[in-house]
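**Q** Sharing a structure, written as structure tokens. Questions coming.
The values are calculated or read from the model by the stated rules, or taken from the named source; none is laboratory data. The structure presented is a predicted model; accordingly, all values stated were derived computationally and were not measured. Please note: Cβ atoms are built from the backbone with ideal geometry, for glycine as well, and neighbour counts cover all protein chains shown. Each accessible area value is taken on the protein alone, full model and side chains, heavy atoms only, with ligands, DNA and RNA left out. Shrake-Rupley method; radii C 1.70, N 1.55, O 1.52, S 1.80 Å.
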Amino acid sequence: MSSSSDHTIAIPPSLAGHHLLSDARLNKGTAFTDAERDAFGLHGLLPPRVTTIEEQIGRRLQAFRAFGSDLERYAFLRDLQDTNETLFFAMLEQNLEELLPIVYTPTVGAGCAHFSGLFRRAHGLFLSIPHRQRIREILANPLFDRTEVIVVTDGERILGLGDQGAGGMGIPIGKLALYTACGGIDPATTLPVLLDVGTDNPDCLDDPLYIGWRRGRSRGEEYDSFVEEFVSAAHERWPHVLLQWEDFAKANATRLLDRYRDRLCTFNDDIQGTAAVATGTLLSAINVTGAPFSEQRIAIFGAGSAGCGIASLLMAAMIDAGVDPKEAARRFYLVDKDGLLLDGMNDLAPFQRPFAQPRAALEGWALGGGDRVSLLEVIYNAKPTALIGVSGQSGAFTETAVRAMAKHNARPIIFPLSNPISCAEAKPADVERWSEGRALIGCGSPFPPITRGGAPFRVDQTNNSYIFPGVGLGAIATKSRRISDAMFMAAAKALAALSPSRHDPKANLLPPVTALHEVAVAVAIAVGKQAQAEGLAGYTGDVEAAVRAKMWTPRYLPYRRAG
């Protein structure tokens with residue numbers, strides 16, 4: 001297919017009638033004009049009335065809102081995406097606040113858990129160990145010639161739900177939908193990938209409808225060599241592709257990022273995207289409190305790859321603010337299943353060690369005895385200014401913990417970031433009540449407004465969707481060869497610069513979800529300029545022009561027969 005200067009699309013003769021209607025990328029449904037119906041044999045296959053895309057959106061929204069559950073709405077939208085991609089993205093862009101919680105978190109978690117039962121048609125690539133010798137053959141399909149961004153998962157740590165096996169494919173599909181809806185990335189250039197290495201989830205293994213490889217998870221050399229085979233084949237097929245790692249377990253997430261980050265343009269959104277949105281939101285909150293970054297003390301509940309990623313980026317910002325690196329590391333209190341990370345602990349991962357507190361630092365602390373230092377003991381003794389949760393443990397931020405934070409801080413910063421909602425460390429309405437309305441709150445999932453000062457107040461959704469679409473857009477637009485930590489810091493600062501609280505300390509820390517498109521543009525420009533400054537960009541011209549030129553708009557283009 002080709003496009004002429006007047007943006008008319010030339011359709012090959014083989015695509016006509018049902019074949020054209022079955023192509024999600026080209027299907028217009030009832031919006032095919034009479035002339036197009038003549039040219040492609042569509043009369044009789046469609047109702048006679050020609051409608052606009054606006055009328056189609058209205059009809060689909062009416063059907064969407066009539067469903068009784070979010071899972072039904074999720075299945076409806078997935079089916080729409082797989083039958084009429086342009087209509088799906090037009091509807092999503094125009095109704096982002098309403099549809100985002102269905103396409104992405106929290107409902108995507110249920111979508112992953114029920115993926116096998118909901119499966120209707122192929123979308124993306126399922127690459128499995130039994131067929132590993134076919135990876136290059138699979139990637140060579142001409143359908144994927146235009147690929148510029150891949151989101152890949154092995155399904156082991158889906159949100160806070162854990163191992164979902166092949167059902168984890170819902171995450172790359174959802175993430176890439178936001179690359180398009182927020183970042184304007186052409187969906188024809190996106191590719192969701194599921195690396196099927198088996199599953200240890202008994203619910204999947206016992207499910208007769210399970211669509212994945214019915215075997216326990218591959219580990220060790222077999223796993224590593226399979227991932228290497230995929231990465232090598234993908235880089236060979238698309239040398240400039242952006243590869244985003246998504247929802248890999250703690251044992252693999254950081255080490256895979258470290259292994260490949262200097263070989264191709266790649267990042268891990270759970271580690272780096274989460275860190276950037278947390279940093280950007282925290283910078284906004286600190287601006288409200290008036291306390292300088294150099295005086296912050298930060299407790300993070302959940303010391304996996306996401307928690308340590310947040311700590312790493314925040315520590316870099318603290319060092320930039322003039323704090324000595326050793327002193328900066330001591331300002332972070334990371335609490336995991338075995339309590340506060342302390343030097344000398346067994347089984348500390350390499351990425352956790354920089355944040356292990358020296359045991360001598362606990363001299364004078366009032367502790368309950370034993371080797372384990374609890375989150376509540378950290379709050380009582382360290383008196384952190386900010387409390388961030390990435391543990392996946394519902395209710396971990398208890399009333400006692402929040403009240404202790406509020407006792408030590410005039411404006412305590414409290415971010416329960418785990419998602420979906422069922423895994424959040426606290427509900428924002430509870431945090432608001434327990435802190436007597438003084439907490440600066442950010443949540444990983446969408447919650448209904450709280451009441452503040454007698455009026456509804458929007459809860460800030462401190463979600464990666466504020467970061468990764470812009471990072472991807474900026475990297476692709478400037479042909480970046482790598483994604484650096486400094487590019488994520490640039491993204492965080494760009495997000496903080498858009499905070500409504502910069503102009504009104506009583507306002508929100510983040511722009512509304514309805515502004516995610518504008519946020520992505522600002523983040524992309526900042527990321528692209530940073531890539532150029534570091535010599536990582538293949539494009540050295542005007543960044544804003546490149547970013548805006550790269551953005552795709554969901555609209556129907558006129559078709560003509562090729563030849």
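**Q** Can you send over the solvent-accessible area of Val50, 1.4 Å probe, protein chains only, in Å² to the nearest 10?
**A** The accessible area comes out at roughly 60 Å².
**Q** While we're on this one: Can you pull the one-decimal nm distance between simple spin-label points at Lys506 and Arg25, each 7 Å off the Cα toward Cβ?
**A** For Lys506 paired with Arg25, the spin-label model returns 5.2 nm.
**Q** At 1.4 Å probe size, with no ligands or nucleic acids counted, give the accessible surface of Trp552 in Å², nearest ten.
**A** So the heavy atoms of Trp552 present about 60 Å² to solvent.
**Q** What share of the DSSP beta bridges in the chain is antiparallel, in percent to the nearest 5?
**A** On the way: 9 of 47 bridges.
Antiparallel bridges: around 20 percent, rounded to the nearest 5.
**Q** Quickly work out the Ala66-to-Arg372 label distance, labels modelled 7 Å from Cα along the C-beta direction, and quote it in nm with one decimal.
**A** 5.3
**Q** Modelling each spin label as a point 7 Å along the Cα-to-Cβ direction, I'd like the Arg49/Thr540 distance in nm, to one decimal.
**A** Going from the Arg49 label point to the Thr540 one covers 5.8 nm.
**Q** Add -39500 (n - 2.57) for each DSSP H run of 4 or more in the chain, then divide by its residues: what number comes out at 222 nm, to the nearest 500 deg cm²/dmol? Walk me through the numbers before you get to the answer.
**A** Working: 23 runs with 229 residues, N = 563.
The helix-only estimate for the chain comes to -12000 deg cm²/dmol at 222 nm.
**Q** Please compute the contact order of the chain in relative form: average sequence separation of alpha-carbon pairs under 8 Å and at least six residues apart, divided by the residue count, as a percent. The partial results should precede the final answer.
**A** Numbers: 1062 pairs, mean separation 85.0, N = 563.
Rounded, it is 15 percent for the chain.
**Q** Once you order the gyration tensor axes a ≥ b ≥ c over the Cα atoms, which shape class does the chain get: rounded for a/c under 1.5, otherwise prolate or oblate by comparing a/b with b/c? Write down the numbers at each step before the final one.
**A** On the way: a/c = 1.78, a/b = 1.60, b/c = 1.11.
Note, shape of the chain comes out prolate.
**Q** If you average the C-alpha positions of the range 460-483 and of the range 243-262 separately, how far apart do those two centres end up, in angstrom?
**A** Between the Cα centres of the range 460-483 and the range 243-262 lies a distance of 17 Å.
**Q** Right, here's the next one. Classify the range 248-325: rounded, prolate or oblate, from the alpha-carbon gyration tensor (a ≥ b ≥ c, eigenvalue square roots; a/c under 1.5 rounded; otherwise prolate if a/b is larger than b/c)? Can you show the working numbers first?
**A** Details: a/c = 2.30, a/b = 1.97, b/c = 1.16.
Prolate shape, in that a/c is at least 1.5 and a/b is the bigger ratio.
**Q** A further question follows. The range 274-350 to the range 89-152: how many Å between their Cα centroids?
**A** With the range 274-350 and the range 89-152 each reduced to a Cα centre, they are spaced 33 Å.
**Q** Might you work out the accessible area of Lys28 for me, using a 1.4 Å probe with all protein chains in place, and round it to the nearest 10 Å²?
**A** 10
**Q** How high is the relative contact order of the range 125-206, given as a whole-number percent (alpha carbon pairs under 8 Å, six or more residues apart)?
**A** Details: 116 pairs, mean separation 33.4, N = 82.
Dividing the mean separation by the residue count of the range 125-206 yields 41 percent.
**Q** Something else about it: Would you mind working out the accessible area per residue for the chain, using a 1.4 Å probe, and quoting it in Å²? Provide the component values of the computation, followed by the final result.
**A** Working: 22300 Å² over 563 residues.
I get 40 Å² per residue for the chain.
**Q** Still on this structure, please answer the following. Under 14 Å between alpha carbons: how many lysine pairs meet that in the chain, if sequence neighbours fewer than 8 apart on the same chain are excluded?
**A** Working: Lys250/Lys337; Lys383/Lys407; Lys479/Lys529; Lys479/Lys550; Lys493/Lys529.
Value for the chain: 5.
**Q** Additional query: Can you bin the range 28-160 into rounded, prolate or oblate? Criterion: square roots of the alpha carbon gyration tensor eigenvalues sorted a ≥ b ≥ c, rounded for a/c under 1.5, prolate for a/b above b/c, oblate for the rest. Provide the component values of the computation, followed by the final result.
**A** Numbers: a/c = 2.38, a/b = 1.29, b/c = 1.84.
Verdict is oblate for the range 28-160.
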